[in-house]
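First up is the structure itself, then whatever we jot down about it.
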Amino acid sequence: MKNLILSANIVLPLFIIMGLGYGAKQLKLIDDHAIEKMNNLTFRIFVPVMICENIMTADVNLEANPWIFVFVACGLVFLFLVSWLFVSHFEPDSKKKSVMIQGMFRGNYVLFGIPLVKAICPDQDTAIASLLVVVAVPMVNVLSVIVLEVYRGGKMNPKKILKGILTNPLILSSFLGFLLLKLQISFPHVIMKPISDIAGIATPLALFILGGSFTFSKVEGNLRQLTVMLIGKLIAAPAIFVTLAALIGFRGPDLASLMVAFAAPAAVNSYTMAQQMGGDAELAAEHVVFSSAFSIVTIFLMVFVGKQLALF
């Protein structure tokens, strides 16, 4: 019951903010033009600052099993390639293709990872959950930009795709965060405070915009795609990778961190990226909403099984 309450405590605040956005749209306090402008601002300023801060403030001096980083990196790339192969044969619509592929491998690790791992392993060192951000965040951003660029605009133009990847705000912010982390550059409080404040705006604003963009009447038209995405993200991927990680020998906070990395619901920023990069924004929004709701049950079941088998 404690784990179920924990999952609910993480997810329910997201729905409250989304509900405020939905209510604001229904009351005509915001319109589609305002949503588009706010989404553009989130994509180009708030989310990049959040990503850069997450990476640059990671503690690289922590002792960690290096194989956990290899597992996450290889797992994400494998999941990305398998999702792309499957979706390319399953879905004819390019806009939906990019969103479906992104939706199957990109999870909300930043929001779920650290608090969930700390709650699962309260009496153990859970620093690895924070350190995984350095690998997971830039990787999912790079892979997401690649697939969204490939399916944007119809014809395949390698030069245009490469330019889109290299100039993407999320890629640039990941690179900057890595550079600051590698060079161990630290800023005084007067600089870090506004950076942290701006980074803190990203997720709430993205959720508010998502709520304002959500349309219940259009869910039925995407039901087939949505079902595949939810099964892939919340059931198939964690079942494969968490089982494999356990068989390899990962235990405790390491296994809990890997579980969240592959079982977390869709990242809020996946909607923002889809809307800004020519993907099916409605499908992306629906996936964030429904995967967040269903993850309360799926994560609870995984934590319950892990605890019963003494894996955590």
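Restricting SER186, SER213 to those that are of a type in the set (S, T, N, Q) and loosely packed, with under 15 Cβ neighbours inside 10 Å reduces the list to SER186.
Got a number for residues in segment 76-90 being closer than 18 Å to ALA237 by Cβ and either out of contact with any Phe, Trp or Tyr (no Cβ under 8 Å at 6 or more places or on another chain) or modelled with pLDDT under 80 (or both)? Before you say what the answer is, go through the steps one by one.
The initial filter retains those residues of segment 76-90 that are closer than 18 Å to ALA237 by Cβ, namely 76-88, 90.
Okay, now just the ones that are also either out of contact with any Phe, Trp or Tyr (no Cβ under 8 Å at 6 or more places or on another chain) or modelled with pLDDT under 80 (or both), so 77-78, 81-82, 84-88, 90.
Counting residues in segment 76-90 that are closer than 18 Å to ALA237 by Cβ and either out of contact with any Phe, Trp or Tyr (no Cβ under 8 Å at 6 or more places or on another chain) or modelled with pLDDT under 80 (or both) gives 10.
Residue pairs whose Cβ atoms lie under 8 Å apart, separated by 6 or more positions or on different chains, with the first residue in segment 48-72 and closer than 14 Å to PHE175 by Cβ and polar (S, T, N, Q) and the second modelled with pLDDT under 80 and assigned to a helix (DSSP H, G or I), are ASN54/VAL110; ASN54/VAL133.
Scanning segment 79-110 for residues that are farther than 16 Å from SER144 by Cβ and hydrophobic (A, V, I, L, M, F, W, C) gives LEU85, PHE86, PHE90.
Per the conditions (1) modelled with pLDDT under 80; (2) surrounded by fewer than 20 Cβ atoms within 10 Å (Cβ to Cβ), the sole criterion not satisfied by LEU14 is (2). Being touching a residue at least 24 places away in the same chain (Cβ under 8 Å), buried (at least 24 other Cβ atoms within 10 Å of the Cβ) and either in contact with a Pro (Cβ under 9 Å, 6 or more places away or on another chain) or over 19 Å from LEU230 (Cβ atoms) (or both) is a property that ALA263 has.
Annotation note: Cβ proximity below 8 Å between a residue of segment 146-158 that is over 13 Å from TRP84 (Cα atoms) and a residue that is modelled with pLDDT under 75 (sequence gap 6+ or interchain) occurs for GLU149/LYS160; GLU149/ILE161; GLU149/GLY164; GLU149/ILE165; ARG152/GLY164; GLY153/LYS160. Exactly one residue out of ALA64, ALA34, ALA73 is assigned to a loop (DSSP other than H, G, I, E, B) and either over 20 Å from VAL288 (Cα atoms) or modelled with pLDDT of 85 or more (or both), and it is ALA64. Condition check: at pLDDT below 90, surrounded by fewer than 24 Cβ atoms within 10 Å (Cβ to Cβ) and assigned to a helix (DSSP H, G or I). Does GLY232 satisfy that? So GLY232 fails the test. Would you mind telling me which numbered condition in (1) closer than 23 Å to VAL303 by Cα; (2) part of a helix (DSSP H, G or I) GLY221 fails? So GLY221 meets the others, but not (1). Residues that are crowded, with 24+ Cβ neighbours inside 10 Å and in contact with a strand residue (DSSP E or B) (Cβ under 7 Å, 6 or more places away or on another chain): does segment 244-259 have at least one? No, there is no match, as no residue in segment 244-259 is crowded, with 24+ Cβ neighbours inside 10 Å and in contact with a strand residue (DSSP E or B) (Cβ under 7 Å, 6 or more places away or on another chain).
The values are calculated or read from the model by the stated rules, or taken from the named source; none is laboratory data. Note that the coordinates shown come from a computational prediction; the quantities given were computed from them, not determined experimentally. Every residue, glycine as well, gets a Cβ built from its backbone with ideal geometry; the counts of neighbours run over all protein chains shown.
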